[in-house]
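Visitor: One structure, pasted below without further comment.
Nothing in this text is a laboratory measurement; each read-out follows from the coordinates by a stated rule. Nothing here was measured: the structure is a model prediction, and the numbers come from that model. Neighbour counts run over all protein chains shown; Cβ positions are idealised from the backbone, glycine included.
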Amino acid sequence: MMKTLEAFSRISVLCVYLLAAAAVILLRTPIDYPVYAMAAYGFSRGEDVYSWAEGDYARAAEALGFSRYAPPYRYPPLAALLVLPGLSLPDRGMGIWVAAQALSALLTAEVLARMARDPARRILIRLGVGLLPPFFVSLYAGQINPLVTLGMILAVRWIGRGREGWGGILLGLSLMLKPLALGPAALCLYEGRRRALAGMALGVALSLAAGLLAFGPPAMGFLRLHLPTSGGVYPPAQNLPGLAARWLTRHPYGFSLADDAGIARGVGWGLAGTLLLLTGIVLGRPGKAHPDFVRRAGLVAIAFLLANPGTWYHHGTILSLPLAAWLTQPGHSRIGWGALGASVGAIAIWGVAWHAFVGWTPLLDLATLGSLGLWALLAREIQKESPR
């Protein structure tokens with residue numbers, strides 16, 4: 001019976017992604033993929049895409065046939081390099097890109113599901129991860145997040161199994177596609193995992209070398225220092241500095257308690273720092289590699305996601321790691337299951353209905369609050385099993 005249910009869960013998630021990918025391709029909804037393609041086009045012509053202005057993007061968009069796009073290109077050159085072969089196709093590779101991101105989401109759900117021995121837990125993880133709304137938002141926008149998340153998940157699992165060198169290389173490559181895995185990378189440093197850190201450095205070096213060989217010196221413009229871009233009060237900026245900005249500065253999306261940008265920044269950074277400090281307390285003494293790397297990496301992933309003012313809702317694909325890490329563990333109480341349902345429900349509801357929440361400031365932060373709830377659940381489980 002359980003084998004039949006497992007097969008049904010796989011087929012169900014597969015069908016959902018087939019339909020979603022088909023709709024995205026037919027309706028040409030992506031606004032971020034064209035920017036990747038334009039970057040590949042510019043780099044291949046020897047241009048420094050990192051210094052492009054609006055006119056440069058308009059010129060590239062006209063050459064490639066894109067009418068909707070959201071510049072600028074802020075990623076390492078590796079992402080543009082992946083897109084480059086598809087530029088010769090009639091759709092400039094958009095269809096292949098969307099299919100690859102859908103496949104990455106499916107594989108992420110399957111890899112995480114296999115962490116559990118119990119078939120019922122595997123089904124729950126597969127459905128919970130596979131149907132997590134940030135994956136579909138990323139697919140809709142043509143984002144690279146599902147592929148980056150898959151790389152992070154595989155890297156974390158390999159490091160947790162003792163294959164630290166290979167896991168570190170993959171983690172470095174994931175970071176060089178898009179730096180969503182800063183949390184697990186920081187945990188490797190916190191625990192003093194030298195082989196993983198060496199592998200990570202090698203992965204970063206390999207990706208930069210590939211960009212340099214393919215595009216020449218303009219690709220190294222990525223190395224110029226750029227601070228995280230803040231989403232400010234815009235609701236999709238689901239992070240703690242964004243939450244503070246929505247509550248403490250005036251904006252068109254709802255009410256606020258004050259209108260002081262300086263106080264908002266201070267409170268936002270204070271909340272972010274507090275979460276990172278609490279995360280360090282839960283992790284315990286630094287410099288010691290812990291066998292429970294996967295759950296700890298999930299905890300740090302949430303903390304870095306929420307502390308970063310440049311985090312957007314679609315970056316929440318990496319919440320799949322802490323969600324699966326919590327679901328894998330047995331013995332949760334009814335209160336725990338209820339808190340998980342409320343946390344994941346808040347994240348999901350925000351993803352499909354945030355436009356309806358405009359005017360109601362408390363509801364605009366549901367995804368951030370849901371992520372905090374997931375962090376608290378995972379922190380409690382880790383602390384319960386820590387030696388006293």
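Visitor: Size of the dipole of segment 114-188 about the Cα centre, Lys and Arg at +1 and Asp and Glu at -1 on the beta carbon, nothing else charged, in debye to 20?
Guide: 300 debye
Visitor: Among 204-211, 126-133, 352-359, what's the highest-first ranking by average C-beta atoms within 10 angstrom per residue?
Guide: 126-133, 204-211, 352-359
Visitor: In debye, nearest 20: dipole of the chain around its Cα centre with unit charges on the Cβ of K, R (+) and D, E (-)?
Guide: It works out to roughly 1200 debye.
Visitor: I've got another one for you. If you take the square roots of the eigenvalues of the alpha-carbon gyration tensor of the chain and sort them as a ≥ b ≥ c, do you get rounded (a/c under 1.5), prolate (a/b over b/c) or oblate?
Guide: rounded
Visitor: Still on this structure: With contacts defined as alpha carbon pairs under 8 Å and 6 or more residues apart, what's the relative contact order of the chain in percent?
Guide: 17 percent
Visitor: Let me ask something additional. Mind ranking 252-258, 15-21 by how tightly packed they are, going by the mean number of other C-beta atoms within 10 angstrom, highest first?
Guide: Peptide ranking by packing, descending: 15-21, 252-258.
Visitor: A follow-up question, please. Label ASP260 and HIS332 with points 7 Å out from Cα along Cα→Cβ: what is the distance between them in nm?
Guide: 4.0 nm
Visitor: Treating only the Cβ atoms of Lys and Arg (+1) and Asp and Glu (-1) as charged, compute the dipole magnitude of segment 27-136 about its Cα centre; round to the nearest 20 debye.
Guide: Value, rounded to 20: 580 debye.
Visitor: Given R₀ = 25 Å, what would the calculated FRET efficiency be for ALA63 paired with LEU26, taking r from the Cβ atoms and rounding to 0.05?
Guide: Efficiency for this residue pair is about 0.55.
Visitor: Now, a different point. At a 10 angstrom cut-off on C-beta neighbours, averaged per residue, how do the peptides 148-159, 360-371, 308-319, 326-337 rank from highest to lowest?
Guide: Descending packing order for the listed peptides: 148-159, 308-319, 360-371, 326-337.
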